[in-house]
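Here the structure is laid out as structure tokens; the discussion comes afterwards.
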Amino acid sequence: DVKVTQSSRYLVKRTGEKVFLECVQDMDHENMFWYRQDPGLGLRLIYFSYDVKMKEKGDIPEGYSVSREKKERFSLILESASTNQTSMYLCASSRYEPSGNTIYFGEGSWLTVV
Amino acid sequence: GIQVEQSPPDLILQEGANSTLRCNFSDSVNNLQWFHQNPWGQLINLFYIPSGTKQNGRLSATTVATERYSLLYISSSQTTDSGVYFCAVDGRDDKIIFGKGTRLHILP
């Protein structure tokens, strides 16, 4: 089975802190994604990466950056956390297939910024 | 970009009832998936269904790609079916875009 692991399930950070959310997948998938989920808004794509050291902006990249130094690891970085970044963050990975990508999710990280 | 709309946004049913959830998308897609998010936040793949019909126990899904919609059927609902159901589409730009979900409550 595919396993996507997010290192922290619950975090509380102060406004202005730098926050790292780590994600590791064990199936050698090319693609990795970070989403945030908010009530009434569904899942919104922050960034995705289709290869090591490659990154693409999603729909809401402002206030975030990402790092992909190794194929299995994709990190989301909040340079200076703000209260409007309080949310649940979901990491996902997928293997590229010509017929389309099947995506697998981690368990989510609940971030509260106070 | 591609738009994904799910309906209804909320659905409350008695245990044992059947339900149909709908997903409309605005452009042709490479893939479509249905997910169930349980009360603890975990997203579970239900179906990978770019076209056609698939069944898995009490759940089945149909995607009509030419008409840009997909349906998820749940028969004989159980309380464990409660949660949020999302559809997600894989567009031509490699982005995977989600609808806002249907929140399903199954009452005992």
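The values are calculated or read from the model by the stated rules, or taken from the named source; none is laboratory data. What you are looking at is a predicted structure, and each value in this text was computed from that prediction instead of being measured. Here Cβ is always computed from backbone atoms with ideal geometry, including for glycine, and neighbour counts include all displayed protein chains.
Details
- All positions within the range A:15-57 that are surrounded by 12 or more Cβ atoms within 10 Å (Cβ to Cβ), among the small types (Gly, Ala, Ser) and touching a residue at least 24 places away in the same chain (Cβ under 8 Å): A:Ser49
- Annotation: A:Leu41 fulfils all but one of (1) in contact with a strand residue (DSSP E or B) (Cβ under 6 Å, 6 or more places away or on another chain); (2) within 27 Å of B:Asn38 (Cβ to Cβ); the unmet one is (1).
- Put simply, of B:Lys100, B:Lys54 the only residue that is of a type in the set (D, E, K, R), touching a strand residue (DSSP E or B) at 6+ places or on another chain (Cβ under 6 Å), at pLDDT 90 or above and not in a strand (DSSP E or B) is B:Lys100.
- First in the range B:15-36 and more than 14 Å from B:Thr63 (Cα to Cα), second anywhere and of a type in the set (Gly, Ala, Ser) and assigned to a strand (DSSP E or B), Cβ under 9 Å, 6 or more apart: B:Phe35/B:Ala88; B:His36/B:Gly83
- Qualifying positions in the range A:16-67 - more than 14 Å from every other protein chain (Cβ to nearest Cβ), of a type in the set (D, E, K, R) and farther than 16 Å from A:Tyr104 by Cα: A:Glu17, A:Lys18, A:Lys53, A:Glu62
- No other residue among A:Tyr89, A:Tyr50 is closer than 26 Å to B:Ile2 by Cα and touching an Asp or Glu at 6+ places or on another chain (Cβ under 8 Å) apart from A:Tyr50.
- Check on B:Gly16, within 17 Å of A:Thr102 (Cα to Cα) and away from every other protein chain (no Cβ under 11 Å): no
- All conditions but one from (1) surrounded by 13 or more Cβ atoms within 10 Å (Cβ to Cβ); (2) within 14 Å of another protein chain (Cβ to nearest Cβ); (3) in a strand (DSSP E or B) apply to B:Tyr73; the one that does not is (2).
- Residue that is surrounded by the fewest Cβ atoms within 10 Å (Cβ to Cβ), among those in the range A:1-14 that are in a strand (DSSP E or B) and of a type in the set (S, T, N, Q): A:Thr5
- The one condition in (1) polar (S, T, N, Q); (2) without any contact (Cβ under 8 Å) to a residue 24 or more places away in the chain; (3) more than 13 Å from chain B (Cβ to nearest Cβ) that A:Thr102 fails to fulfil: (3)
- Screening the candidates B:Phe35, B:Phe25 for the property of being under 10 Å from the mean Cα position of the chain (by Cα), within 14 Å of chain A (Cβ to nearest Cβ), surrounded by 16 or more Cβ atoms within 10 Å (Cβ to Cβ) and within 17 Å of B:Phe86 (Cβ to Cβ) yields one hit, B:Phe35.
- Taking residues in the range B:48-61 that are within 14 Å of chain A (Cβ to nearest Cβ) and under 15 Å from B:Asp90 (Cβ atoms), and partners anywhere that are hydroxyl-bearing (Ser, Thr, Tyr) and in a loop (DSSP other than H, G, I, E, B), the pairs with Cβ atoms closer than 9 Å and at least 6 places apart or on different chains are B:Pro50/A:Ser99.
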